[in-house]
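These notes are about the structure you will find just below.
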Amino acid sequence: MSGFPASAAMARALDEARAAALRGEVPVGAAIVAGDGTIVAAAGNRTQELNDPTAHAEILAIRAACARIGDQRLVGHSLFVTLEPCAMCAAAIANARIARLIYGASDPKSGGVEHGARVFSHPQCHHAPEVVGGIAETQAAALLRTFFAARRLR
């Protein structure tokens, strides 16, 4: 990611998470960055809007990035996401051969990377990206807390 400030990619992911919250979706956002620092795709959760349980931010961003570059593999790309990916998204990250996963808030309940299924350490995982957690964790966690607190008040 030569010359590319990681904070810009996470800022984009946070913007996508905020937009998801405004749509009534769980506020998770993702951005995929090519090796040259270009953001090639970004998305926020759209599971309710699309009536699709697989429409997580990571999955949508991976689909868009693959379509944009014309390849099923995102070798050399980095995925920035506001929340630790679930097992489904971690498997998609491995299958896309993403080089680096950078996430914000940990997800002890539903995470699939450093919690729960720990997909990348499973013997049947053919590719494990470099993983960095805790980037913009405070902002990402605050978005989620605010979103769910408002839901509980209803």
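The values are calculated or read from the model by the stated rules, or taken from the named source; none is laboratory data. On a predicted model such as this, the values are computed, not experimentally measured, just so you know. A quick note on method: Cβ atoms are made from the backbone with ideal geometry, for glycine too, and the neighbour counts reach across all protein chains shown. Note: accessible area is taken over every heavy atom of the protein model, side chains too, but ligands, DNA and RNA are not part of it. Shrake-Rupley method; radii C 1.70, N 1.55, O 1.52, S 1.80 Å.
In what order, largest first, do Leu143, Leu153, Leu50, Leu101 sit by accessible area if the probe radius is 1.4 Å? Intermediate results must be reported in sequence, preceding the final value.
Details: Leu143 40, Leu153 150, Leu50 90, Leu101 0 Å².
The most accessible residue leads, giving Leu153, Leu50, Leu143, Leu101.
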*In square angstrom, what is the accessible area per residue of the chain with a 1.4 angstrom probe?*
48
*Simple label model, 7 Å out from Cα along Cβ direction - Ser110 to Arg97, nm*: 3.0
*Measure nothing but the geometry: give the 0 to 90° angle between the long axis through the Cα atoms of 6-22 and the longest principal axis through the Cα atoms of the chain, rounded to 10°.*
40
*For the Cα atoms of the chain, what angle does the longest principal axis make with the long axis of helix 57-69, in degrees from 0 to 90, nearest 10?*
40
*Using a probe of 1.4 angstrom, how much of the accessible area of the chain is carbon and sulfur, in percent?*
53
*Please list the radius of gyration and Dmax for region 16-154, considering alpha-carbon atoms only, with Å as the unit.*
14.2, 45
*Which translational diffusion coefficient, to the nearest whole µm²/s, is obtained for region 103-154 from the Stokes-Einstein equation, given a Kirkwood hydrodynamic radius over C-alpha pairs, 20 °C and 1.002 mPa s?*
170
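Looking only at the chain, where both bridge partners belong to it, what percent of the DSSP beta bridges are antiparallel (to the nearest 5)?
On the way: 9 of 17 bridges.
Looking only at bridges with both residues in the chain, the antiparallel portion is about 55 percent.
Using Cα-Cα distances under 8 Å and only pairs 6 or more residues apart, what relative contact order does the chain have, in percent?
Values: 351 pairs, mean separation 29.0, N = 154.
It comes to 19 percent, rounded to a whole number.
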*asked:* Heavy atoms of the protein only, probe of 1.4 Å, neighbouring chains included. What is the accessible area of His127 in Å², nearest 10?
replied: 40
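So for region 7-68, averaging the separation of alpha carbon pairs under 8 Å that are six or more residues apart and normalising by length, what relative contact order in percent results? The partial results should precede the final answer.
Values: 121 pairs, mean separation 17.2, N = 62.
RCO, region 7-68: 28 percent.
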_Can you give me the C-alpha center-to-center distance between region 2-59 and region 63-79, rounded to a whole angstrom?_
14
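Beyond 14 Å, what percent of the Cα pairs of region 54-118 remain?
Values: 1099 of 2080 pairs.
Value for region 54-118: 53 percent of Cα pairs lie more than 14 Å apart.
All other residues with a Cβ under 14 Å from the Cβ of Ala87 taken together, and with Lys, Arg as +1 and Asp, Glu as -1, what is their net charge? Intermediate values should be presented prior to the final figure.
Values: positive: Lys109, Arg118; negative: Glu58, Glu84, Asp107, Glu114.
The answer is -2.
Using a/c under 1.5 as the rounded threshold, could you call region 1-81 rounded, prolate or oblate? The axes a ≥ b ≥ c are square roots of the C-alpha gyration tensor eigenvalues, and prolate needs a/b larger than b/c, oblate otherwise. Mind dumping the intermediate values first?
Details: a/c = 3.17, a/b = 1.43, b/c = 2.22.
It is oblate, given that a/c is not under 1.5 and a/b is not larger than b/c.
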*In Hz, Karplus ³J(HN,Hα) per residue of region 111-118 (6.51, -1.76, 1.60; θ = phi - 60°; x = Gly, Pro)*: x, x, 10, 9, 10, x, 5, 6
*From phi via Karplus (6.51, -1.76, 1.60), per-residue ³J(HN,Hα) for region 30-42 in Hz, x at Gly/Pro*: 9, 9, 10, 10, 6, x, 8, x, 6, 6, 8, 6, 8
*Cβ-based net charge around Ala61, under 12 Å, with every Lys or Arg adding one and every Asp or Glu removing one*: +2
